[in-house]
Amino acid sequence: MSAYLVEYEHINYLVGAMLCPATVRLMPFSYWSPTQKRCVEVRSEDASAVGQMLWEENAKSVSYRYKEAKKTLGPYHRRRHYRAFDPIQLYKACECLGYQSCEHPEWDTSDAKACLDALRSCAIHSHEDYDKANWGPPEPEEKTA
């Protein structure tokens, strides 16, 4: 696999979604931290730290993948606000960052992965068709001759 360092705005978009009531449904956004062994709530005052965590995990992956010295990142500060988040776009943005960040051995037990997993779940649950879908498989289609 290949990996690259995502753009600053990619992180900004994800952090913005965590702070958007329409995306998250229940505020504040939270995730289970495997390192802290507790639920972590993400509030606006935490936005920069969470963004930094996601970005650094991505840099750790790229450095590990290409056997380079750890990338030096500037500090992350949320600077742009989005008004709305398309659930499918948000899901794909999470998938992209996860794919770019999964190269190092600690990824599966990282707070960044747990945070992205929770945000993916929020994205799917906020899709307009989520509540219309059956709980379980759909009804079988009738066989035609």
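The values are calculated or read from the model by the stated rules, or taken from the named source; none is laboratory data. Small disclaimer: the values here were computed from a predicted structure and weren't measured. Ideal geometry is used to build each Cβ from the backbone, glycine not excepted, and the neighbour counts take in all protein chains shown.
Number of residues in segment 103-112 that are part of a helix (DSSP H, G or I), touching a residue at least 24 places away in the same chain (Cβ under 8 Å) and charged (D, E, K, R): the value is 1. Pairs are defined by a Cβ separation below 8 Å, a sequence spacing of at least 6 or placement on different chains, a first member in segment 70-98 that is of a type outside the set (S, T, N, Q), and a second member that is modelled with pLDDT under 85; the pairs so defined are 84/22; 85/22; 85/23; 87/23; 90/23. Any residue in segment 51-70 that is charged (D, E, K, R), within 28 Å of residue 131 (Cα to Cα), at pLDDT 90 or above and surrounded by 14 or more Cβ atoms within 10 Å (Cβ to Cβ)? Within segment 51-70 (the criterion being charged (D, E, K, R), within 28 Å of residue 131 (Cα to Cα), at pLDDT 90 or above and surrounded by 14 or more Cβ atoms within 10 Å (Cβ to Cβ)), the answer is no, since none of the residues qualifies. Restricting attention to segment 16-50, the residues being surrounded by 17 or more Cβ atoms within 10 Å (Cβ to Cβ) and closer than 20 Å to residue 109 by Cα number 6. As for segment 31-43, it holds no residue that is within 15 Å of residue 58 (Cα to Cα) and either of a type outside the set (Asp, Glu) or more than 14 Å from the chain's Cα centre (by Cα) (or both).
Quick check on my filter: what residues within segment 1-35 are under 17 Å from residue 48 (Cβ atoms), touching a residue at least 60 places away in the same chain (Cβ under 8 Å) and in a loop (DSSP other than H, G, I, E, B)? Scanning segment 1-35 gives 6, 20. Residues of segment 46-82 that are closer than 19 Å to residue 95 by Cα and basic (Lys, Arg): 60, 65.
When you check residue 71 against the structure, is it part of a loop (DSSP other than H, G, I, E, B), at positive phi and either of a type outside the set (Gly, Ala, Ser) or in contact with a Leu (Cβ under 7 Å, 6 or more places away or on another chain) (or both), yes or no? Criteria not met by residue 71. Only residues that are outside any helix (DSSP H, G or I) and not aromatic (Phe, Trp, Tyr) were counted in segment 55-68, giving 2.
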